[in-house]
1. Test Glu185 against the stated conditions and say whether it is crowded, with 20+ Cβ neighbours inside 10 Å, charged (D, E, K, R) and part of a loop (DSSP other than H, G, I, E, B).
2. Name, by its number, the condition in (1) open to solvent by 10 Å² or more (accessible area, probe 1.4 Å); (2) part of a helix (DSSP H, G or I); (3) among the charged types (D, E, K, R) that does not hold for Glu77.
3. Kindly check whether there is at least one residue in the range 25-37 that is out of contact with any Asp or Glu (no Cβ under 9 Å at 6 or more places or on another chain), farther than 19 Å from Ser133 by Cα and touching a residue at least 12 places away in the same chain (Cβ under 8 Å).
4. Filter the range 109-140 down to the residues that are polar (S, T, N, Q) and over 13 Å from the mean Cα position of the chain (by Cα), then identify the one that is surrounded by the most Cβ atoms within 10 Å (Cβ to Cβ).
5. Would you check if Gly226 is without any contact (Cβ under 8 Å) to a residue 12 or more places away in the chain and either under 18 Å from the mean Cα position of the chain (by Cα) or in a loop (DSSP other than H, G, I, E, B) (or both)?
6. Being hydroxyl-bearing (Ser, Thr, Tyr), open to solvent by 10 Å² or more (accessible area, probe 1.4 Å) and touching a residue at least 24 places away in the same chain (Cβ under 8 Å) narrows it down to one residue among Ser69, Ser82, Ser153; which is it?
7. Consider Glu42 carefully, then state whether it is modelled with pLDDT of 95 or more, of a type in the set (D, E, K, R), open to solvent by 50 Å² or more (accessible area, probe 1.4 Å) and over 21 Å from Thr122 (Cβ atoms).
Amino acid sequence: MNNNLFRTAFTAAALTAATILTNAATAEAIEVTVTIDNLSPEQGIILTPLWVGFHEGDYDLYEPGLSASAGLELIAEDGDASVLSETFTSSGNNRTDGVITGDGISPDSPPLIGPGSSASLTFDIDANTPFFSYASMILPSNDAFIGNENGTSHRLFDANGSFIGTDFVVIGNQIQDSGTEVNDESPDSVPLLGMAHNVGPTENGAVMTHAGFTPGGNILAAFPNGNFKDSLYAVARIRVELAE
């Protein structure tokens, strides 16, 4: 992969809290707030701004064992949701999406969501978009991400159109590998390990459950509490609830 997008991904318009797109006029719209809490311990994994999408249930982010889409590749390698957002909103009706940015992990950091921190954003939705999808890159990594495979996993409205919301925890064994970049864990290709340009070797693989970071490798040396393969490692809590 020879894109150099990580440096600019978090300042692009597609990754600002103001970027909320919809393809359908809302009827009886309600305000909901999506909140993500990074549950990882100190010196654990970090999350890029969270992409979220509301839809009719006709959208799947990925299929295990198949190649990642261009949009998933970009968010899994660079934390950039721009292509994912474009394809999501243009490929179906009644779709709304946006990106939830964090406070960063240092004064000059991109708007990452660090261990112990939270971020939220409020949306106007209605019963025409009863399902919820999400995606975020795991840092540091070559191309690890979290996101729901099945677009109907998280239902927000019941069959009668009443809002029910959702509240769930993502654990370490749910982290996926997009299969688009070799997991070399090199400072030259892994964000936060010193990468200046994203030049990680292309893998041409398939999406699958991530095997975990290399014991004694560069990532765990720099982030010793990043071993998400530990039993019941909690990565994030995601809630969709009525706005206060």
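1. Judged against the criteria, Glu185 is a match.
2. (1)
3. Looking for residues that are out of contact with any Asp or Glu (no Cβ under 9 Å at 6 or more places or on another chain), farther than 19 Å from Ser133 by Cα and touching a residue at least 12 places away in the same chain (Cβ under 8 Å), one finds none in the range 25-37, hence no.
4. Across the range 109-140, the extreme among qualifying residues is Thr129.
5. Criteria not met by Gly226.
6. The unique qualifying residue is Ser82.
7. yes
The values are calculated or read from the model by the stated rules, or taken from the named source; none is laboratory data. Note that the structure is a prediction, hence the values are computed from the model and not measured. Using ideal geometry, Cβ is built from the backbone for each residue, glycine included, and neighbour counts are taken over all protein chains shown. Accessible surface is based on the protein model in full, side chains and every heavy atom, while ligands, DNA and RNA are left aside. Shrake-Rupley method; radii C 1.70, N 1.55, O 1.52, S 1.80 Å.
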